[in-house]
1. Using +1 at the C-beta of Lys and Arg and -1 at the C-beta of Asp and Glu, which of Leu105, Phe83, Ala123 has the Cα lying farthest in the positive direction of the dipole of the stretch 69-142?
2. A 19 angstrom limit on the alpha carbon distance is what I want to check against. Which of Lys66/Lys149; Lys95/Lys156; Lys95/Lys241; Lys232/Lys294; Lys146/Lys193 exceed it?
3. Keeping the other protein chains in place, figure out the carbon and sulfur percent of the accessible area of the chain, with a 1.4 Å probe.
4. Show me the three semi-axes of the equivalent ellipsoid for the stretch 55-109, from the C-alpha gyration tensor (sqrt of 5 times each eigenvalue), largest first, rounded to whole Å.
5. Kindly rank 361-369, 292-300 from highest to lowest mean number of other beta carbons found within 10 Å of each residue.
6. Quick check: from the Cα gyration tensor, does the stretch 183-246 come out rounded (a/c under 1.5), prolate or oblate?
7. Please get the size of the charge dipole for the chain, origin at its Cα centre, with Cβ charges of +1 on Lys and Arg and -1 on Asp and Glu, quoted in debye to the nearest 20.
8. Expressed as a whole number of Å, what is the distance separating the alpha-carbon centroids of the stretch 55-105 and the stretch 178-256?
Amino acid sequence: MTDILNTQLMHPRDQIALVMTRIYRRGLTTTSGGNISVMDENGDIWISPSAVDKGRLQPSDIVCVKKDGTIEGLHRPSSEFPFHKAIYEIRPDIKAIIHAHPPALVSFSIVRAIPDTNIISQAQHVVGHVGYAEYELPGSEALGAKIAKEFTKGYKAVIMENHGTVVGGSNLVDTFERFETLEFCARTILYGKSVGSPSYLTDEQIQAFEDQVPAPLLEMEVVEHPSDEREKRLEIYNIVKRACTQGLMISSYGTISTRWRGDDFLITPTGIPRWDMQVEDIVQIRDGKREPGKNPSRTTYLHQEIYKKHPEINSIILTQSPYLMAFAVTGTNFNVRTIPESWIFLQDVSSVDFGSHFNNQTTIPDLVAKNNPAVIIKNDCVLVTGNSLLQTFDYLEVAEFSAKSLVLCASIGNLVPISNEQVEELRAAFLK
Ligand SMILES: [Zn+2]
């Protein structure tokens, strides 16, 4: 089975099995919980079965509920089928639904709160405002009615009181991206509260992010893909997949580039969900021009400036990873003087204002340097650089692990940082 979700060419049963496996492995559903459905063009609803192991779901396990109510398949449809059906009936724009009990969203649902998606730049745009459905018995028509009522208000994502969440979209790629982004917002807020006080973006700031016009890169006339270019393409592809499966990147955000020859480089595209990006989607940038017909990341300008200014930097990753985002949304100082590995790799990490990565800004290229490979951009992301893509990814992992330790330690005490003397000793031993 392919791991790329293609809603145009894949059968609904293959799409559902793929996404269920993905969310199970990412820890967003349990063996027994959660269900996914897709509405077919002819009105049939394909849905995950009741009481089948979500960790080993096969396409053949998926059940079809025909328009006339007859059921085809090896199992019974999910017991939550009534609310899937109720949503499809009142919202013809929704063609795919994910329901699950991911812990961070359940945290909100059990304190009866809604995560504010204005916490990170693209989330409000991807998820929209979130509805709230009061508690009803699972599987009941009453629950279906409560949820459908929220969907009539135009929401595409709803928190279910003392239960979980239900998210819809125009297809399963769209729905998965919204589900994953909403869960990410919830975690960012929860982790942020452990280390500080989250601040939220205004609708105007989010609009400014969405309205960014990419630097007008001309298209190159002749494109060549020599073997060393293809090698780098595959390297980027593999790191994007690895970042997604390791929980270091989500569908709706993340850019990876790597220097190719001179100041020419390869960069991931804009507008393609990161989980489903393919090798051919990666964009070659040569002499400041882009491959014809492809749209490079909106941060291409920033990458170009960093490569020009810093010959020792050969790779850049911009991403939202959950524990680093706790620092990005609170402005709390990310102190990496935790363990020798963190300080040696990252040294002191600065944070810059939201918008510093927009076009024509020079703050970040001026800030990154060989010994300061990472920068936190408030309410947006972390930017990491390195002399190879694998090294950059390693720095990202080290940074995320350090951030996680700082979030987790908050409940038992305050960080006792490595002293200045110890830092100088590390500098002498490792950074000569
Ligand atoms: Zn449920």
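The values are calculated or read from the model by the stated rules, or taken from the named source; none is laboratory data. Since the model is a prediction, treat every value here as computed from it, not as a measurement. All Cβ positions, even for glycine, are placed from backbone atoms using ideal geometry, and neighbour counts span all protein chains on display. Accessible surface is based on the protein model in full, side chains and every heavy atom, while ligands, DNA and RNA are left aside. Shrake-Rupley method; radii C 1.70, N 1.55, O 1.52, S 1.80 Å.
1. Ala123
2. Lys66/Lys149; Lys95/Lys241; Lys146/Lys193
3. Answer for the chain: carbon and sulfur cover 50 percent of the accessible area.
4. After scaling each eigenvalue by five and taking roots: 23, 18, 9 Å.
5. Details: 361-369: 16.1, 292-300: 18.7.
Packing proxy ranking, top to bottom: 292-300, 361-369.
6. Verdict is oblate for the stretch 183-246.
7. 580 debye
8. The stretch 178-256 and the stretch 55-105 have Cα centres separated by 30 Å.
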